[in-house]
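Working notes for the structure below.
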Amino acid sequence: MKTALITGVTGQDGAVLAELLLEKGYSVHGLRSYSAVPDTARIEHLDDVVLHYGDMSDGGSLTRLIETIKPDEIYNMAGMSHVHVSFDMPELTADVNGLGPLRILDALRVLDTDKDIKFYQASSSEMFGRSPAPQSEETSFQPCSPYGTAKLHAYWSVRNYRDAHGLFASNGILFNHESAMRGEEFVTRKITKAIGEIEAGQRDKITLGNLDARRDWGHAKDYMAGAHAILQHDKADDFVLASGQSYSVRDFVERAFAVIDIQIEWQGEGVDEVGVNVKTGQTLIDIDPALFRPKEVHELIGDASKAKEILNWSPKISFDKLVEEMVQADRIEGKSPMMRAA
Ligand code: F7E
């Protein structure tokens, strides 16, 4: 039986990956950082995950854990994952997202384990920043957020430890990937959660930032299967995982409302633009410039040809299916207690 250690096991990716690895018969250990408020909701159904306290900013805790568990595979899914927030907490972002993976790599270099532990780093399309789309493994990086620069530090650390010290360390450069477990601070889940609440009469509208930003959105289940495939390859390497299709935030809004049979019409311009329910005239979307980022990545479209060719990986869940699944999941949650009981 293989043993895996997943950092960030309480987040969307950690939880989805933990479930996948348990299904594959792995013994799964998860690193959780201390939080005063319980943060294990996403893995409550996964009794078999062994949880350990530790932190990406605490090298000693990481080293001890690796030494004790002696995993076959380590998946680093931990970190400060919100790009906008990284502008307000650049040092913490650099520490956790940039130096955290380096701490694991260095532990793997110095620890005298009898195993060749494989390491997966959750690299991000945000590292491409303003490099023109489509972006592949050959595209140059132009990160434009503290989040992107910190991820780039980790990406290069993986490559350097692989080349200099012979570690089996691979980067998965993942484009945006979502699910019903996505945090509510990310735009897709923010929209679907609010739609559930609007439908249940608990709120009137959704306030958003840049409607024209374009992202390549896929489903977290497909992308975690890809992360696993990256470590099963016989050689450590770097792979882009993406759908190859991009949609704007505006597109996501339209398709998400369509799931509950509401058609949106856009009226006005710039920060005064609103999205209106065609049937009732009610404003369902407005804009708050405070939600614009100091510097924005305008368009991300991934080219995952290498993963397709070498790993035989390609996403199976379409954008429309993803949107539908997320809206439907939030409809149940968004309904009033009376409707839920019915
Ligand atoms: O923003 C725009 C926003 O926060 C997507 C993380 O998983 O994927 C994610 O990063 C777009 C941006 O994701 C709102 O300006 C408009 O252009 O959902 P997001 P992200 O920044 O792309 C990458 C690959 C990661 O690695 C990250 O960890 O949507 N947008 N209005 C908004 N975004 C948010 N959050 N909230 C809004 O109201």
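A few remarks follow.
- Alpha carbon centroid spacing (whole Å) that separates region 74-122 from region 178-223: 27
- Estimated vicinal HN-Hα couplings, Hz - region 118-125 in sequence order (Karplus 6.51, -1.76, 1.60; Gly, Pro = x): 8, 10, 10, 10, 6, 7, 9, 4
- When D238, D88 are sorted by how many other C-beta atoms sit within 10 angstrom of their C-beta, beginning with the fewest, the order is D88, D238.
- Sorted by Cβ density within 10 Å, fewest first, the residues K308, K316: K316, K308
- Among the lysines of region 211-340, pairs at least eight places apart or on separate chains and with Cα atoms under 17 Å apart come to 7.
- Debye, to nearest 20: dipole size of region 1-108, +1 on Lys, Arg Cβ, -1 on Asp, Glu Cβ: 200
- Dipole magnitude of region 205-342 about its Cα centre (Cβ charges: Lys, Arg +1; Asp, Glu -1), debye to nearest 20: 460
- For region 282-298, the Karplus equation 6.51 cos²θ - 1.76 cosθ + 1.60, evaluated at θ = phi - 60°, returns couplings of 6, 6, 10, 10, 9, 10, 10, x, 4, 8, 6, 8, x, 9, 10, 8, 7 Hz by residue, with Gly and Pro reported as x.
- Stretch gain in nm, segment I310-L92, where the contour uses 0.36 nm per residue and the Cα spacing is subtracted: 74.9 nm
- Size of charge dipole - region 228-308 - debye, nearest 20, with Cβ of Lys, Arg +1 and Asp, Glu -1, no other charges: 320
- Point-to-point label distance, M1-E269, nm (Cα→Cβ direction, 7 Å offset): 6.4
- Gain on full extension, evaluated as 0.36 nm per residue between T68 and D114 minus their Cα-Cα distance, stands at 15.3 nm.
- Nonlocal amide H pairs with Q135, under 5 Å, H built at 1.01 Å: I301, G302, D303
- DSSP beta bridges confined to region 167-255 are antiparallel in about 25 percent of cases.
- With a simple spin-label model that places each label point 7 Å from the Cα along the Cα-to-Cβ direction, the separation between K235 and E23 comes to 3.0 nm.
Quick note: the coordinates plus some simple rules give every number you see, no bench work behind them. Bear in mind the structure is a predicted one, so any value in this text is a computation, not a measurement. Backbone-built Cβ (ideal geometry, glycine too); neighbour counts: all protein chains shown.
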